[in-house]
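Remarks on the structure that follows.
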Amino acid sequence: MLDHAVNWEAISAIGQFVGALAVVISLIYLANEVRSSARATRLAGMRSTLDAFNRVALRLTEPNLAELYTRGLDDFESFEGADRVRSRVLMHTIFRNVEDVYCQHLQGNLDPRVWRAYEGVIHDLNSHPGVQAWWRSHSHRFDEEFAKLINQQQQSLQPTADRRE
């Protein structure tokens, strides 16, 4: 009869082992799901930021806005009346989008290759005297760290010829 006796301690130990193994497998699965979800969230944030930037860029193809933008690149201070307001709003919108791209970069939500490309866009934008004039009078409306980046970039720029491309 002792040969057929159930060893409840062994069964309990096996049950605990199987339970612990199931917990470990569940934790690994959960970690992978969280990582995948975080990656998808970062990608969605990056796409949203870049889509907003592209929408602004596309609007610059509208004839009246393109003319306003082009004039503002060279001489923001010459605007008067409604054109001055429109130019301020346009530059503010562009720089808010640039700031968002910069923040996405700092948070690690932007592919470094995409950030390097946008650094070139930001550099080109900042190389224009009208943009620099606008920034001097509006930089206080932006995040301090972002403003520091733009200020440093503008200070390091050499005067350029026509850079409207």
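The values are calculated or read from the model by the stated rules, or taken from the named source; none is laboratory data. All values reported here derive from a predicted model rather than from experimental measurement. With ideal geometry, Cβ positions are generated from the backbone for all residues, glycine too; neighbour counts draw on all protein chains shown.
The table for this structure:
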item	result
Of all residues making up segment 125-144, the number that are in a helix (DSSP H, G or I), touching a residue at least 12 places away in the same chain (Cβ under 8 Å), out of contact with any Ser or Thr (no Cβ under 9 Å at 6 or more places or on another chain) and not aromatic (Phe, Trp, Tyr)	9
For residue 53: the one exception among (1) of a type in the set (Phe, Trp, Tyr); (2) modelled with pLDDT of 85 or more; (3) within 35 Å of the chain's Cα centre (by Cα)	(2)
First in segment 81-102 and more than 18 Å from residue 133 (Cβ to Cβ), second anywhere and small (Gly, Ala, Ser) and at pLDDT below 95, Cβ under 6 Å, 6 or more apart	97/52
Options 6, 23: the member that is over 29 Å from the mean Cα position of the chain (by Cα) and not in a helix (DSSP H, G or I)	6
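Residue-wise test of (1) surrounded by 15 or more Cβ atoms within 10 Å (Cβ to Cβ); (2) of a type in the set (Lys, Arg).
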{"residue": "76", "(1), (2)": "yes, no"}
{"residue": "81", "(1), (2)": "no, no"}
{"residue": "86", "(1), (2)": "yes, yes"}
{"residue": "90", "(1), (2)": "yes, no"}
{"residue": "95", "(1), (2)": "yes, no"}
{"residue": "106", "(1), (2)": "no, no"}
{"residue": "109", "(1), (2)": "yes, no"}
{"residue": "117", "(1), (2)": "no, no"}
